[in-house]
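The values are calculated or read from the model by the stated rules, or taken from the named source; none is laboratory data. Worth saying up front: this structure is predicted, and the values here are computed from it rather than measured. Heads up, the Cβs are rebuilt from the backbone with ideal geometry, glycines too, and the neighbour counts pull from every protein chain shown.
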Amino acid sequence: MAENKTPNDSDAAFGVPHHVAIIMDGNGRWASQRGLPRAEGHRRGVEALRRTVRAAGEIGVKVLTIFSFSSENWSRPRQEILDLMGLLRRFIRHDLAELHASGVRVKIVGEREGLETEIRRLLDEAEELTKDNPGLLLVVAFNYGSRDEIVRATRRIAEDIAAGRIKPEDINSAMIGQHLDTAGIEDPDLIIRTSGEQRLSNFLLWQAAYSEFVFVQVYWPEFDKAALESAIAEYHRRERRFGGLAARTGS
Ligand code: FPP
């Protein structure tokens, strides 16, 4: 089925997952296995990211979320953090024009407070430049941790209560969703993690309530359109019930 999809096919016609989220894991192991520095794994990871953004658009995915730097990644060696920040800067500086030209809208989720001024400026610029684009929504989770996101949302709701703007009984799951960084973005249908690891690592904990998970063996630098199509084919074999009963049998 994946071969038949084009950018213009509707989600409904071909069952393309509307929102795909990816934990891009295994850059370091890919590099170590080849006797290369970890930075080379991350550099090749950016190439895989470029391929995947293009492929997602071609397949007809509408929202692609990528986990590019977690709030826990600060515990890595200083040099590796500098390498990752350098790659983000280069990705935005070199790829933003092309993303914009191809109609991609960029949205950043994660904590901006405390980030270097230049990084914040680049993140703001990426969002501002592309905000009216009609194509793929590329959500970049940067300095992102799901628990941190939920804590920040909870604080804002508590402030609204303290200020008398809402009452405790007004809180429901929709309101919590509206206070998360991902407000207004549909929950992911499919979450892919590369490298064979099978965990969420503090990624989209709230949003993943009914997501399908596909864990693929390849390391992130090897990920390509065929790997994305194969993960989507696996998604098609799943039956999503959202807590209800099976559609075909009613059992
Ligand atoms: C996991 O590999 C990957 C990351 C921590 C970062 C992902 C970053 C990129 C793909 C490149 C940067 C892209 C942008 C837009 C900043 P790992 O280092 O955890 O691999 P390992 O588990 O094998 O050590």
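Observations on the structure shown:
- Any hit, region 107-126, residues being small (Gly, Ala, Ser), at pLDDT 95 or above and touching a strand residue (DSSP E or B) at 6+ places or on another chain (Cβ under 7 Å): yes
- Test: residue in region 86-102 that is touching a Leu at 6+ places or on another chain (Cβ under 6 Å), small (Gly, Ala, Ser) and touching a residue at least 24 places away in the same chain (Cβ under 8 Å): no
- Positions within region 16-37 being surrounded by fewer than 21 Cβ atoms within 10 Å (Cβ to Cβ) and either closer than 19 Å to residue 59 by Cα or more than 6 Å from the ligand (Cβ to nearest atom) (or both), in sequence order: 18, 32, 33, 34, 35, 36, 37
- Matching residues in region 64-82 - criterion: being part of a helix (DSSP H, G or I), more than 9 Å from the ligand (Cβ to nearest atom) and out of contact with any strand residue (DSSP E or B) (no Cβ under 9 Å at 6 or more places or on another chain): 75, 78, 79, 82
- When 61, 46 are checked against the criterion of being assigned to a helix (DSSP H, G or I) and either at pLDDT 95 or above or near the ligand (Cβ under 8 Å from one of its atoms) (or both), 46 stands alone in meeting it.
- Among the residues of region 49-58, those that are under 14 Å from residue 231 (Cβ atoms) and either buried (at least 22 other Cβ atoms within 10 Å of the Cβ) or in contact with a Cys (Cβ under 8 Å, 6 or more places away or on another chain) (or both) comprise 52, 56.
- Cβ pairs under 9 Å, 6+ apart, first in region 68-84 and among the acidic types (Asp, Glu), second surrounded by 11 or more Cβ atoms within 10 Å (Cβ to Cβ) and not in a helix (DSSP H, G or I): 72/145; 72/201; 72/202; 83/37
- Residue in region 87-107 that is more than 9 Å from the ligand (Cβ to nearest atom), in contact with a Ser or Thr (Cβ under 7 Å, 6 or more places away or on another chain) and part of a strand (DSSP E or B) present: yes
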